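Asker: Have a look at the structure that comes next, please.
The values are calculated or read from the model by the stated rules, or taken from the named source; none is laboratory data. It should be emphasised that the depicted structure is a prediction, and the values quoted were computed from it without experimental measurement. In this analysis, Cβ positions are derived from the backbone assuming ideal geometry, glycine residues included, and neighbour counts consider all displayed protein chains.
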Amino acid sequence: MFKVIKYVIVDILRSRIILGYTLFLLAISLSIFNLEDNPAKGLLSMLNIILIVVPLVSLIFSTIYMYNSIEFIELLLSQPIRRSHLLLSVSTGLALSLMIAFIAGAGLPVILMEGSPTAWVMALTGVALSAIFVSLAVLGSVITRDKAKGIGIAILMWIYFSLLYDGIMLLVMFQFSDYPLDHVMVVFCSLNPVDLARILILLKLDISALMGYTGALYREFFGSFMGIGLSFSLMVLWLTIPMAFANRIFRKKDL
């Protein structure tokens, strides 16, 4: 199992795509903090990059890697190794590789150049998002054998979590504006890991006052130590539940 994880990590870290991803994040991080005199503005700019780029790269790269590794996976399955262990090993290698790329490109520069608790939270949420969207990509790739469909599923996931979900929330708030939906919105935010990451970082930046009563509610719920712990627990669920479904499908799948 550990040999498979090591092989996947070494294989991915030698990829030009991952190297380009790391250098892109590093260039963006250094540019933003060198151009911005206000660290809070720099962190906000980095937040937008992380919430858009990290899920997209994690989904697309992981999906393509899974399809390109089908022959390697089939070869290993001819050995006395459990399907669940193999899928978990490949997924772990994928997640660790993308985490390393994110830490080297954005996590460490943000922490070294800003160094506040907000920077640490941003780095941790970026690492969590990398792992979560690898898990979602693995689920999408085991659902169908068609590579084009798998990539399409990955793109639709990114569009939904990064773009459509906020529009759906705004539509619900507009349609039911006569009803008290503040607590419902807290639940809705828990159903999207991207929103969870955004709220955690915005609350650490102390700009929730600009969000009105809802921002005060978010601060009351997510701003406490228990709320932060619950938020990261929800992210762990976003990581484990798709992986559990992927494992169940993969064990019964006819390769």
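Residue-wise test of (1) outside any helix (DSSP H, G or I); (2) under 14 Å from the mean Cα position of the chain (by Cα); (3) at pLDDT below 70; (4) aromatic (Phe, Trp, Tyr).
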residue: PHE133; (1), (2), (3), (4): no, yes, no, yes
residue: GLY152; (1), (2), (3), (4): no, no, no, no
residue: LEU163; (1), (2), (3), (4): no, no, no, no
residue: VAL184; (1), (2), (3), (4): no, no, no, no
residue: ALA197; (1), (2), (3), (4): no, yes, no, no
residue: GLY212; (1), (2), (3), (4): no, no, yes, no
residue: GLU220; (1), (2), (3), (4): no, no, yes, no
residue: LEU237; (1), (2), (3), (4): no, yes, no, no
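Asker: Which ones in region 6-30 are over 20 Å from the mean Cα position of the chain (by Cα) and part of a helix (DSSP H, G or I)?
Answerer: Selection gives LYS6, TYR7, VAL10, ASP11, ARG16, ALA27, LEU30.
Asker: Let me ask something additional. Restricting to region 62-90, name every residue that is without any contact (Cβ under 8 Å) to a residue 60 or more places away in the chain and buried (at least 20 other Cβ atoms within 10 Å of the Cβ).
Answerer: Once the filter is applied, which keeps residues that are without any contact (Cβ under 8 Å) to a residue 60 or more places away in the chain and buried (at least 20 other Cβ atoms within 10 Å of the Cβ), region 62-90 yields only TYR65.
Asker: When you scan region 97-106, do you find a residue that is modelled with pLDDT of 80 or more and over 20 Å from the mean Cα position of the chain (by Cα), even just one?
Answerer: Scanning region 97-106, I find no residue that is modelled with pLDDT of 80 or more and over 20 Å from the mean Cα position of the chain (by Cα), so the answer is no.
Asker: Test each condition in (1) surrounded by fewer than 17 Cβ atoms within 10 Å (Cβ to Cβ); (2) within 24 Å of LYS41 (Cβ to Cβ) for SER162 and report the one that comes out false.
Answerer: Going through (1) surrounded by fewer than 17 Cβ atoms within 10 Å (Cβ to Cβ); (2) within 24 Å of LYS41 (Cβ to Cβ) one by one, SER162 breaks only (1).
Asker: OK, next. Could you give every pair whose Cβ atoms fall below 7 Å, whose first residue belongs to region 144-170 and is within 15 Å of PRO193 (Cβ to Cβ), and whose second residue is aromatic (Phe, Trp, Tyr) and in a helix (DSSP H, G or I), counting only separations of at least 6 or pairs across chains?
Answerer: Close Cβ pairs (under 7 Å, with a partner that is aromatic (Phe, Trp, Tyr) and in a helix (DSSP H, G or I)) amount to MET169/PHE188.
Asker: Just to be sure before I move on: is SER190 surrounded by fewer than 15 Cβ atoms within 10 Å (Cβ to Cβ), within 22 Å of MET122 (Cβ to Cβ) and at pLDDT below 85 in the structure I sent? So that I can check it myself, show each step before the final result.
Answerer: On the way: surrounded by fewer than 15 Cβ atoms within 10 Å (Cβ to Cβ): no; within 22 Å of MET122 (Cβ to Cβ): yes; at pLDDT below 85: yes.
No: the conditions fail for SER190.
Asker: Which of the following residues is at pLDDT 85 or above, touching a helix residue (DSSP H, G or I) at 6+ places or on another chain (Cβ under 7 Å), among the hydrophobic types (A, V, I, L, M, F, W, C) and in a helix (DSSP H, G or I): PHE61, PHE33?
Answerer: Residue meeting the stated conditions: PHE61.
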